[in-house]
Structure formats: structure tokens, C-alpha cells
Amino acid sequence: MTPDVPRRHFMALAATTTTGLAATGLPAGTAHAAEPAGRQKADRPLALWYRAPAADWLSALPLGNGRLGAMVFGATETERLQLNADTLWAGGPHSYDSHKGLAALPRIRQLVFDGKWPEAETLINSDFLGVPGGQAQYQTVGSLLLSLPTAGTVTGYRRELDLDSAVATTTYTRDGVTFTREAFASAPDRVIVVRLSASRQGALSFGATFESPLHTSLSSPDPLTAAIDGKGDATGGVDGAVGFRALVRVLAEGGTTTSAGGTVSVRGADAATVLIAIGTTYVNWENASGDAAGRAAADLNLAANRPYGQLRGRHVDDHRALFRRTALDVGSSDAAALPTDERVFRFASGGDPQLVELHFQYGRYLLIAASRPGTQSATLQGIWNDLTSPPWGSKYTININTEMNYWPAAPANLLECWEPVFVLLDELAVAGRSTARTQYGADGWVTHHNTDAWRGTAPVDGAFWGMWPMGGAWMSMAIWEHYRYTRDTGKLRARYPVLKGAAQFFLAALVTDPATGALVTCPSVSPENAHHSGGGGSLCAGPTMDTQLLRDLFGAVASAADTLHIDAAFRDQALAARGRLAPMKVGAQGQLQEWQQDWDAGAPEQQHRHVSHLYGLHPSNQISRTRTPDLFTAARTTLVRRGDAGTGWSLAWKVNFWARLLEGDRSYKLLADLLTPERTAPNLFDLHPPFQIDGNFGACAGVTEWLLQSQHDELHLLPALPSQLPDGSVRGLLARGGFEVDLSWRGGALNEARLTARAGGPARLRTAKDVKVTSGDAPVPTTRPEPGVTAFTANAGAVYLVRPA
Ligand code: FUC
């Protein structure tokens with residue numbers, strides 16, 4: 001039987017317009033202070049819903065448990081669940097290092113310093129690129145097809161994805177019988193579950209079978225089960241090494257169930273639970289010889305021992321433990337009752353603030369579904385990919401996209417979902433040590449602009465895009481950022497060697513720019529942008545982004561060494577190198593220069609989607625209104641010159657940039673540009689186009705930047721609140737320094753903030769107006785170190801209320 005779970009009534013809710021502020025004046029989240037954190041239910045519909053089955057993949061609804069993904073189409077005749085397993089990649093364990101690279105390096109560097117970019121590009125492409133010159137792609141398992149009865153007319157159709165329970169539901173009536181299907185991907189039980197039921201006894205008949213675009217075979221291992229066995233493709237001359245087995249078992253109530261030739265057939269049942277398990281042979285980046293069949297069978301058999309209600313209950317509890325940590329309420333309107341695809345069409349015309357909440361929470365939902373402890377990191381498409389050769393291989397592009405995927409992990413209170421990145425980093429540090437030694441003759445480890453399941457760390461995809469040695473520097477910043485949010489010295493200590501290794505590489509591989517004497521990367525690029533047209537026009541030494549990343553990396557490793565009371569000599573070396581990096585420069589147009597030379601005004605693509613040199617503004621804090629006002633103005637000029645146009649992820653980055661520039665309305669405008677049918681699919685997947693999930697995550701993080709920023713050991717409350725959202729509340733944002741923050745605002749101004757000091761220590765609040773701080777009922781003594789800043793000392797575990805003075 002279907003367990004009783006709260007169902008949302010859209011039409012009923014549509015009648016009410018809420019501002020989300022509880023009558024008490026407290027933030028919606030804190031109004032129910034008696035409930036334990038993470039246990040509160042949103043009072044608005046947090047669901048995507050549609051009046052028709054998905055006509056295409058971008059209308060289907062994503063489910064995931066971090067390891068397995070499914071796209072649910074909600075069809076009434078042949079239901080399709082397109083399936084993914086996070087470890088099913090083409091190719092196999094493989095080092096991409098070029099053994100010709102090291103000998104060519106001095107000449108490449110000289111050519112770059114001499115401005116002979118075409119010659120440098122030719123030499124990089126012939127001798128310095130990885131082998132093969134492109135990486136392996138993430139592949140689909142295929143689909144499970146459920147063939148359902150077709151006679152009679154369908155009425156009352158509806159499908160939805162409820163973000164709060166992570167259950168996709170399809171309902172319709174055919175010939176007087178109402179059919180209901182629920183589907184979810186369970187992390188605790190490691191399977192995808194579909195429950196089919198009918199309003200009339202014995203009315204349920206269907207077949208279940210797999211199909212796949214890969215080389216596969218079908219079988220029926222037992223009377224309730226069908227299987228598909230296959231293997232990932234060869235790629236770039238590397239054999240496909242990852243085998244997989246997917247199993248589907250149907251546990252029907254009533255009727256008869258048989259399996260033959262790879263199809264399970266159910267006749268005349270009352271209800272049925274369909275379990276899908278997938279195992280692959282992937283063990284890790286160096287080993288693809290695991291037991292796919294054994295893994296799939298183990299997961300399936302364990303899940304099959306639990307009744308449906310228990311599977312569902314365990315899944316919902318597990319999901320809500322993460323999902324309900326954060327709630328956002330920016331008001332609602334009648335538009336919230338419309339089907340989700342219609343809302344995307346109408347968003348630009350205004351009046352649908354709840355879509356901001358839904359899109360924000362969808363970002364959190366997708367991260368929970370795509371990335372869990374023990375799984376692979378989220379790729380360019382999360383874990384959802386229906387192709388054998390997806391765009392950009394659906395791999396890890398680490399010159400922005402993978403980093404963006406994890407921007408919400410800390411502020412949106414999903415630290416666990418960040419865990420796969422630290423495993424990826426451990427593995428990149430091993431693979432990248434070989435690349436550092438083999439291609440640069442350097443200590444430490446390096447990785448370039450892309451990586452894959454085999455942890456490719458050499459440059460790929462041609463010099464223009466690939467000759468960027470900074471992927472490890474940027475990815476490693478996660479180690480220090482995690483510490484800044486959590487103050488978890490145990491994890492920092494365990495991860496320090498990886499952070500140090502990233503810095504060690506640059507201490508060995510930076511070179512002195514003959515023109516300026518500064519330490520620079522060479523060869524490098526400012527990701528994917530050219531300073532000159534023609535061959536090699538992206539190649540350069542010391543682009544601004546590289547120096548910003550190195551300033552952060554050297555600073556982080558030095559601070560980490562201090563925090564851990566270790567490695568003082570290395571700290572000094574890192575800081576000495578940091579002091580020799582080229583400074584950021586303001587160019588002739590008043591812009592922050594993208595390169596050491598003021599080439600910006602002549603660059604061929606003035607509106608290029610990458611705005612790499614604003615890394616210093618976001619996600620880094622090197623550029624801020626309070627600390628570096630001149631660079632802050634220059635960064636704004638750069639962003640204005642770049643324009644508002646861009647691909648999905650580029651718009652999402654600009655949401656964050658404008659928030660850091662403290663201009664909430666412009667930031668909101670960029671989110672509105674993203675929430676259009678050109679950039680957001682019917683299922684709210686971000687469109688480059690094509691689909692790339694980074695924009696979903698980038699936008700989710702951008703919304704947190706409107707409400708709370710935590711640069712420079714300061715909590716800035718409501719730093720960039722858009723005027724379109726004058727009243728609202730948020731609960732459960734995390735800030736650097738180890739704070740959890742709830743906020744409410746009215747008429748665009750702070751109403752109340754509640755800070756939980758997880759770690760304790762100095763607290764500095766930046767607010768538009770004076771505030772008073774209390775803890776319990778007692779006033780907290782504060783100081784005013786500068787205008788707009790209120791400081792006090794927070795005790796670990798204590799809760800502080802901040803209200804207008
Ligand atoms: C980089 C970007 C593209 C795309 C790709 C996956 O190459 O410049 O826009 O996001 O990564």
C-alpha cells in the first residue's frame with residue numbers, strides 16, 4: 001500500500017498569497033522553534049509538475065541517489081526510465097601523460113614570451129598535449145521500459161516531482177481505472193524504486209525490459225527478474241573497461257509474474273514494486289575489474305527484503321535530513337499554481353517570486369541527488385545523461401564548471417554532498433604528480449582544464465582550450481574553503497598534503513617573466529578566451545586569473561600550515577612566492593585587465609562567456625568594496641563591458657558577480673535572464689545550451705549571495721537583496737567562520753537574524769543599519785570597529801538574535 005505522505009494541493013494554495021512571514025514576525029523557519037532543525041516542512045508547493053508526459057529528455061524528471069540516476073518520462077503507454085550509473089564511463093585506466101612534453105617545455109615558454117603564439121600552439125599540440133588528446137566520456141546505461149495497456153482514453157493526467165520527498169509521481173485515469181506510479185532513487189537502499197498501483201483490483205498488467213545504445217545482452221535470471229549486461233565503449237584508442245549489469249525485479253501483489261528473454265511480465269496484479277539495481281566493474285580510477293553482477297545482485301536482494309512502505313520511508317527520511325536543512329521563502333502568487341514549464345515561459349514578465357524559491361531548492365535537490373559520500377563527483381550533467389557520446393563527454397571541466405557545481409554545497413547547507421570532490425582531489429593528486437614530473441620536471445601535482453573517471457591530468461583538447469595548468473589550484477581551494485565553513489581541523493589535517501602538493505607544483509613550475517620580473521605561469525591561457533585572433537591567440541604567460549588563483553592557493557596553504565602548527569618552512573616559501581606574483585592591473589578602459597598586458601579592448605570576443613579574471617571577485621574575495629575599492633570599480637567596469645549575455649553557466653556566474661558587487665537588482669536580472677526557455681529546460685535543467693547542470697548550481701549559490709556573504713571574516717547580512725523580493729525569510733544558510741544563519745526581512749530591510757555559532761570565536765556583522773545582539777534574553781556586549789560593523793565574541797554552540805537597534 002502507498003504510505004500516507006503529505007500531498008500538495010496546488011489549486012488550493014494558489015488562492016492564498018503569502019509573504020512567508022509568520023504572524024509572530026519571526027522568520028518562517030524559526031517560528032517553529034520547537035521543531036528540531038531540519039524537520040520542518042515548507043508550506044508552499046516545492047514541486048515541478050506538468051499536464052502531459054515528457055515529450056523529450058529535457059522534460060523528463062531527474063531522480064538520483066548519488067550513484068544511480070533516472071530520468072522519469074511519465075508516459076501512459078511505454079513508460080521510460082532512462083538510467084545512469086555514476087561509474088559507467090568509456091575507456092579504462094590510463095595515463096594521459098606526454099613523454100615528449102618536458103623536452104619541449106623550454107622552447108614553448110620562450111615562444112610565448114616572444115609573442116610567437118602560433119608557433120607555441122603548434123609545438124604544444126604536437127608535443128605537450130596528453131595522449132590521447134581527448135578524455136573519456138560518461139555514458140548512459142540505457143533505459144527501463146514499462147509497457148502498459150493502451151486501450152481506452154486517458155483523462156486526469158498529472159506528473160510531478162516533489163522536491164521535499166524526492167518522489168516523482170504520475171497519475172491518470174484510463175477506462176475508469178486510476179493508475180498511480182511513484183518513483184524514487186534511494187540512497188540508503190541503493191536502488192531505484194517504482195511503485196505501480198491501480199484503483200481497481202487486478203487492473204495492473206505491464207512488461208518491464210531494458211534497452212541500451214551500448215553493446216548489451218538481455219536475460220531473465222529468475223522468474224521475477226530481468227537483466228542487461230554490457231560494457232562502456234572504447235574511446236581514443238583505449239578499450240572500454242567498465243562492464244555493467246542492471247537488474248529489474250518486479251514484486252507484484254496479486255496476478256501472475258513471469259520473466260523470459262529479458263522481459264518481466266505482470267498480468268492482473270493489484271499493485272507492484274519494481275526495483276532496479278545497477279552494478280559496474282569500476283573500482284577506482286586505476287582498477288575496473290570489480291564484480292558488476294555481484295554488486296547488482298547484492299543491492300537488489302537487500303532491497304527486495306523490505307516492503308515498499310519501508311523503502312519509501314527510509315528514502316524520504318534520508319532525503320529530508322539534507323533537504324530540509326534550508327528553507328527559503330520570498331513570497332508566492334497565483335503563478336505558483338501553474339505547470340512548471342508554463343512558469344518558465346512567463347517568469348520574465350514578473351509576478352512569480354516562488355519560482356525563485358523553487359529553482360533555488362531544485363539546485364539543492366539536484367546536488368543531493370547527484371553527489372553523496374562514496375559516489376563520483378557531479379559531472380557537467382550531474383549524473384543524468386542519455387547518450388553514449390554526450391556534449392563535452394559529460395565529464396569534469398575544471399576551468400569553471402565542476403567548481404561551480406559545488407558552490408552551493410557549503411552555503412546551502414549540504415556539506416556531505418561535497419565529499420566526492422575530496423576523493424577526486426586525492427586521486428588527481430596521485431595522477432597529477434606523474435604529470436608534474438613527466439611533463440614539467442616539477443614536484444607536487446598538476447591538472448589542466450579537464451578530467452575524467454580515469455583522472456586524466458595532462459592537457460587535452462588542443463592548446464587553445466587545454467593549455468591551462470590551474471585546474472588543481474582551483475579544485476584544491478575546496479580544502480581550505482571547507483575548513484573556513486566548518487573549522488574542522490581534522491579534515492584540514494588529512495587533506496593538507498593535497499593542498500600542499502598543488503602549491504608545490506607551482507613553486508617548481510612558475511617562471512620569471514623577463515619583462516616584469518614577476519613569477520608567472522607559462523604557458524597558460526585565460527580560460528578559453530583569446531587576446532588575439534589567429535593561431536595560438538589564447539596562449540600567454542601569467543593571465544590575471546592564474547595570479548589570483550595562486551594568491552589564494554599560496555595564502556591557503558600558508559594559513560592551513562599556521563592553523564595546523566606544521567610546515568613553517570613551506571609556509572614561508574609559499575608566502576615568498578605569493579609576494580612575487582604579478583599584481584592585478586587596471587587597464588585603459590578602467591577595466592580589470594584579463595592579461596598582464598592591456599589587450600582587453602582589442603580581444604576578438606569582447607562578450608566572451610568566461611569572465612575568468614573576475615575569479616578575484618567571486619568565488620574569491622580578493623576584490624571587495626571595503627578592501628580594494630579601486631579594483632572593485634574596475635571589476636564592475638569589466639562586467640559591464642562583458643555584457644549580460646551568456647550561456648547558462650555564464651549567466652549563473654554573473655548572478656554571483658553582481659551579488660558580490662552588492663547590486664541585487666542587476667543580479668536578479670541575470671537570474672531572470674537564466675529563467676527563460678532559452679536557458680532553462682521544461683524540467684528546469686540549465687541550458688548552455690545544451691544541458692549543463694553547472695548553471696543550476698551556480699544560480700542556487702547566487703541566491704545565497706543575495707542574502708548572506710561571508711568574506712573577510714565578516715557576516716554581511718542582506719548584502720544584495722533584490723528589490724523584487726522585499727519580504728521574505730531564509731533558514732539554514734552556512735557562513736564561513738562556522739555560523740548557521742536564519743534571516744527575515746521586511747520592506748527590503750533586516751527584520752531579524754538568528755546566528756548559531758557552531759565553532760565560536762570572533763563574529764563581525766556588516767549590516768545596513770545599526771543592530772543589537774541578544775543571546776537568550778540577555779544583551780550581548782558588542783563593539784563598532786568600523787561604520788556598519790558590529791563585533792562580538794561568539795561562544796561555540798550559542799545562538800544569537802540580531803535585530804534592528
Ligand atoms: C567550457 C565552456 C563551455 C562549456 C564547456 C563544458 O569549455 O567554455 O561553454 O561549458 O566548458
Calculated diffusion of region 657-774, Stokes-Einstein form, Kirkwood radius summed over Cα pairs, 37 °C and 0.692 mPa s, µm²/s
215 µm²/s
For Thr547, Thr637, which order do you get if you count the other beta carbons within 10 Å of each Cβ and list the fewest first?
Thr637, Thr547
Projected convex hull area of region 104-261, Cα atoms, direction-averaged, in nm², equals 16.2 nm²
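Counting pairwise Cα distances across region 442-496, what percent come out greater than 12 angstrom?
Value for region 442-496: 68 percent of Cα pairs lie more than 12 Å apart.
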Cα gyration tensor of the chain, axes a ≥ b ≥ c as square roots of the eigenvalues: rounded (a/c below 1.5), prolate (a/b > b/c) or oblate?
oblate
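Give me Ile400, Ile228 sorted ascending by neighbouring Cβ count inside 10 Å, so fewest comes first.
Working: Ile400 23, Ile228 26.
Lowest count first: Ile400, Ile228.
If eta is 0.890 mPa s and T is 25 °C, what Stokes-Einstein diffusion coefficient results for region 550-615, Kirkwood Rh from Cα pairs, in µm²/s? All intermediate terms of the calculation are to be shown ahead of the outcome.
Numbers: Rh = 14.0 Å.
Translational diffusion coefficient: 175 µm²/s.
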Quarter of Cα convex hull surface for region 509-621, i.e. mean projection, nm²
7.7 nm²
Percent of alpha carbon pairs in region 728-804 separated by more than 19 Å?
30 percent
Let me test this: with uniform point scatterers at the alpha carbons of region 663-707, what is the Debye-based log₁₀ I(q)/I(0) at q = 0.15, 0.19 1/Å?
-0.35, -0.54
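May I ask for the percentage of alpha-carbon pairs in region 613-662 that lie more than 13 Å from each other?
Numbers: 621 of 1225 pairs.
Of all Cα-Cα distances in region 613-662, 51 percent exceed 13 Å.
Read-outs: derived from the displayed coordinates by stated rules, not from any lab. Please read all numbers here as calculations on a predicted model, not as lab measurements. Methodologically, a virtual Cβ is constructed for each residue, glycine included, from the backbone with ideal geometry; neighbour enumeration extends over all protein chains shown.
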